[in-house]
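Q: Submitted below is the structure of interest, expressed as structure tokens.
The values are calculated or read from the model by the stated rules, or taken from the named source; none is laboratory data. Values in this document were obtained by computation on a predicted structure and should not be read as measured data. Every residue, glycine as well, gets a Cβ built from its backbone with ideal geometry; the counts of neighbours run over all protein chains shown. Please note that ligands, DNA and RNA were not included when accessible areas were found on the heavy atoms of the full protein model with its side chains. Shrake-Rupley method; radii C 1.70, N 1.55, O 1.52, S 1.80 Å.
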Amino acid sequence: MNAEETLKLISTKTWCNINDLMKLTGLSRSSALKIRNKIKDTLNYEIHTRDLPMNVVIDYLNIDVEYLKNVATRKEVQDENNK
């Protein structure tokens, strides 16, 4: 996934399902399930769904949202200049 796709995924969804986690990490389903379980174990509260809050996933994966915004904006500016 490129920066623009990642930014779109994390900004449009409140909850992160296993398919989203697979896209964000680039790992297989079984590896993503292990990560999901690790994240659930680290939470101080119980979640009664298979999905995780997106903000928790972003924090766990150390995704730099500001960097993604900068890269996506830079790409848009380059595309406009090439027209």
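Q: With ILE10, ILE39, ILE63, ILE47 as the choices, which residue is surrounded by 15 or more Cβ atoms within 10 Å (Cβ to Cβ) and either out of contact with any helix residue (DSSP H, G or I) (no Cβ under 8 Å at 6 or more places or on another chain) or not in a helix (DSSP H, G or I) (or both)?
A: Exactly one residue qualifies, and that residue is ILE63.
Q: Pairs only if they're at least six apart or on different chains, beta carbon under 8 angstrom, first in the range 2-14 and small (Gly, Ala, Ser), second surrounded by 14 or more Cβ atoms within 10 Å (Cβ to Cβ) and in a helix (DSSP H, G or I); list them, first residue then second.
A: Hits for this filter: ALA3/LEU68; ALA3/VAL71; ALA3/ALA72.
Q: Would you please list the contacts, defined by Cβ atoms under 7 Å and residues six or more apart or on different chains, that run from a residue in the range 38-61 that is under 14 Å from ASN17 (Cα atoms) to a residue that is part of a loop (DSSP other than H, G, I, E, B) and hydrophobic (A, V, I, L, M, F, W, C)?
A: Listed pairs, sorted by first residue: LYS40/ILE47; VAL56/LEU43.
Q: Given (1) at pLDDT 95 or above; (2) open to solvent by 90 Å² or more (accessible area, probe 1.4 Å), where does MET22 come up short, assuming only one miss?
A: (2)
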